[in-house]
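Visitor: Next up is a structure, given as C-alpha cells.
The values are calculated or read from the model by the stated rules, or taken from the named source; none is laboratory data. Note that the coordinates shown come from a computational prediction; the quantities given were computed from them, not determined experimentally. We place every Cβ from the backbone using ideal geometry, glycine too, and count neighbours over all the protein chains shown. Each accessible area value is taken on the protein alone, full model and side chains, heavy atoms only, with ligands, DNA and RNA left out. Shrake-Rupley method; radii C 1.70, N 1.55, O 1.52, S 1.80 Å.
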Amino acid sequence: MQLRISSPRFKVAFGLAAVSVHLGLAAVARLGGPRVLWGDEKTYLSSAVAVLQGDPSWWPVPLWPPLYPRFLAGVLAVSGHNPVGITVIQTVLLFIAAVIFGDLVRRWTGARAAGMAAFLMMAGFPPLAAFSRFLWPEVLHLVLVLVALWILVVRRDSSLWLALAGISLGLALLTKSLLGPFLPVLLGAAFIGDRGPRRVLRLAVCVAAIAVVIGPVIGLQYRRVGVPVIADSSAFNLWVGLNDRGMKSFEGSFVAEAYREYSAWEGTFAERNARAHRQSWQLIRERGLGPVLKAQFRRQYARLFDKDCYLTEQVPGGAAVEQGSGFISLGPRASDGVRIVSYGAYALLLLTAPLGFLVWPFVQRRWPRVLLLFLLYNLALFLVFHVKSRYRVQLLPVFFLGSSAAIAWFETGFRGRISLRPVIGRIVVAGVLSAVMLWLAF
C-alpha cells in the first residue's frame, strides 16, 4: 500500500482541511451570536480604543507588554473599527506562521510529508485556530517568533536578515515577555557552530536590532515606574501560582482576588512586586518546600495540559459562558461538536508527539533539541507560576513538530521502509509519555 502525504493531491487536501476549520469557527460565531469578550480581551480592546483616542493612559499597568493593544488599534483604524478586520488579519498571520513552520519542519526532518503535516496543524488545529478570532496576543507572538526562528535557521549568513530577526524578536518581547529569559539559548543555538569574528559580528547585529526595538520601551518604563523592564508580571504570577486552588484553569481561581489586592497595595510598582515576592517566600517557608512542590506538581501540570482550552471554555458549559462571556447563544449540538473536534484533535496530538521525537531520524537535530529545551523551560516556570490552558499555545509548535515527524514515520511505514524491531523500546517510552499527558489532560 502506497501513501504519499506530500503528493499534490494531499497538499490540496491539507489546505482545504485547514480552511474548513476556520469556516467551522465562522459558523460557530454565526450560530452563537455576537461573542462577549472575556477576561483580558476587554483590557486589550479598551487599551486599543484609548490609543486611537490619544489617551496617554492607554497602557495602565506594566504587567502586560504594550505591543498588542497598539496592534489592535492599528487594525481597527484600518478596518474602520470593524472587529472582523482583526479576525481577517490574525487569520492571515496564522497561515503565514503555518507556511514558515511547515518549511522549518521539512528542513529539520528531511521529510516533505512532515512539513505538510506541520502546516496543517499550525493553520488548522482548532484550539489554536480559534485564537485568530480572540483578542489575545498569541497569534501575533507566534508569527513574530517563527519569522525570527526561520531567519536564524535559514538566513543567518546575512547581516541584513539577522537585523530583521532581531527586530522580529524585539517585537515578540513587546508582545509577550516569557521568551526573554530563553533568548540566550535561542541565539546560542543559532551561532554556536560559527567560528571567528564573523560569529561575533552576526550575533552583535541581531542583539543590536533587539535593543533598538525594546530600548525605547524600557526607557519609558523606567521613567514611568522606576524599573528598566518592558513589563514584569513575574512577582504577581508567582504569588497567584502558589495560591491557585483548582485543577482546571478557571476552577477556584485566585487571580481576580489577587489582582484586586495587588492593585490596592500602596507604593511604587517595584515596591508592590517586592511585597508579592516576600509573601511568596513567606508562604513557602510556612508550608515547607516539600509540601509546596508536591501540591504544585499535582495541580500545575493538570491545569497546563487540561483538555479544555479557550475555545471549549467559550461554548455553553464552559467557564466563560458561566461568567457571561463567550458564545452564549450557541446550541447544545453545536457546543458538543466543538468539544468533540477540539478534544479529538488534542488527544491525537498528545498521542503522536512523543513518538515522532523518539523514532524519527531528524536530519537537523540542533533545533528540535532547542524546541524540547523550550518545553522544559516552560514546564519549570509553570511549576510555580500561575498557569492556565492558554499558556500552552506557545508550546504547540513543539508538539506539532513531534506529531509531524510521527506522521512522516507512519507514511514511511506504509511504504514498507521501516522496521519496528530496532525502535520497539522507543515506542514503549513514547507510549508511556503519551499516557501521562493524556491522563493529565483528560
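Visitor: Any idea what the relative contact order of the chain is, in percent, if you count C-alpha pairs under 8 Å spaced at least 6 apart? Walk me through the numbers on the way to the answer.
Guide: On the way: 592 pairs, mean separation 90.9, N = 442.
Answer for the chain is 21 percent.
Visitor: Got a sec to turn the phi values of segment 352-368 into Karplus ³J(HN,Hα) couplings, 6.51 cos²θ - 1.76 cosθ + 1.60 with θ = phi - 60°, whole Hz, x for Gly and Pro?
Guide: Karplus-based 3J(HN,Hα) across segment 352-368 equals 9, 4, x, 4, x, 5, 8, 10, 8, x, 4, 6, 10, 8, 4, 6, x Hz.
Visitor: Taking the Cβ-Cβ separation of R285 and L376 as r and a Förster radius of 25 Å, what is the calculated FRET efficiency to the nearest 0.05? Walk me through the numbers before you get to the answer.
Guide: Values: r = 27 Å, r/R0 = 1.08.
It comes out at approximately 0.40.
Visitor: Give me the percent relative contact order of segment 186-265, please, defined on Cα pairs under 8 angstrom at least 6 residues apart. Write out the running numbers ahead of the final one.
Guide: Numbers: 32 pairs, mean separation 10.5, N = 80.
RCO, segment 186-265: 13 percent.
Visitor: Still on this structure: Can you give the FRET efficiency to the nearest 0.05 for D194 and V429, using r as the Cβ-Cβ distance and R₀ = 25 Å? Intermediate results must be reported in sequence, preceding the final value.
Guide: Details: r = 34 Å, r/R0 = 1.37.
So, using R0 = 25 Å, E works out to roughly 0.15.
Visitor: If you don't mind, another one. Looking only at GluC sites (Glu not before Pro) in DSSP loops with at most 16 other Cβ atoms within 10 Å, what is the longest site-free stretch of the chain?
Guide: Values: sites that count: E251, E266.
My reading of the result: 1-250 is the longest stretch.
Visitor: Could I ask something else about it? Quick check on segment 126-195: take the gyration tensor over C-alpha atoms, sort the square-rooted eigenvalues as a ≥ b ≥ c, and tell me if it's rounded (a/c under 1.5), prolate or oblate. Please report the intermediate quantities before stating the final value.
Guide: Working: a/c = 2.36, a/b = 2.05, b/c = 1.15.
Prolate.
Visitor: Over segment 1-71, what is the relative contact order in percent, taking alpha-carbon pairs closer than 8 angstrom and at least six residues apart? Walk me through the numbers on the way to the answer.
Guide: Working: 21 pairs, mean separation 14.1, N = 71.
It comes to 20 percent, rounded to a whole number.
Visitor: Something else about it: Could you work out the helix-only [θ] at 222 nm for the chain, with each DSSP H run of four or more residues adding -39,500 (n - 2.57) and the total divided by the number of residues, to the nearest 500 deg cm²/dmol? Walk me through the numbers on the way to the answer.
Guide: Numbers: 19 runs with 306 residues, N = 442.
That comes out to -23000 deg cm²/dmol.
Visitor: Continuing with the same structure: Which of the trypsin sites (Lys or Arg not before Pro) across segment 195-234 are loop residues per DSSP, with 10 or fewer other Cβ within 10 Å?
Guide: Answer in residue order: R195.
Visitor: Tell me, what is the 1.4 Å probe accessible area of L220, in Å² to the nearest 10?
Guide: Roll a 1.4 Å probe over it and L220 shows about 70 Å².
Visitor: Sort I100, I424 by heavy-atom solvent-accessible area, probe 1.4 angstrom, most to least. Kindly include the intermediate steps, with their values, before the conclusion.
Guide: Working: I100 25, I424 95 Å².
Heavy-atom accessible area, descending, gives I424, I100.
Visitor: Further question on the same structure: Structure shown: which of K42/K388; K307/K388; K176/K307; K294/K388; K176/K248; K248/K307 lie over 21 Å apart, alpha-carbon to alpha-carbon? It would help to have the intermediate numbers written out before the result.
Guide: Values: K42/K388 18 Å; K307/K388 11 Å; K176/K307 24 Å; K294/K388 19 Å; K176/K248 23 Å; K248/K307 9 Å.
Violating the 21 Å limit, Cα to Cα: K176/K307; K176/K248.
Visitor: So for the pair L183, L23, with labels modelled 7 Å out along Cα→Cβ, what separation do we get in nm?
Guide: 4.3 nm
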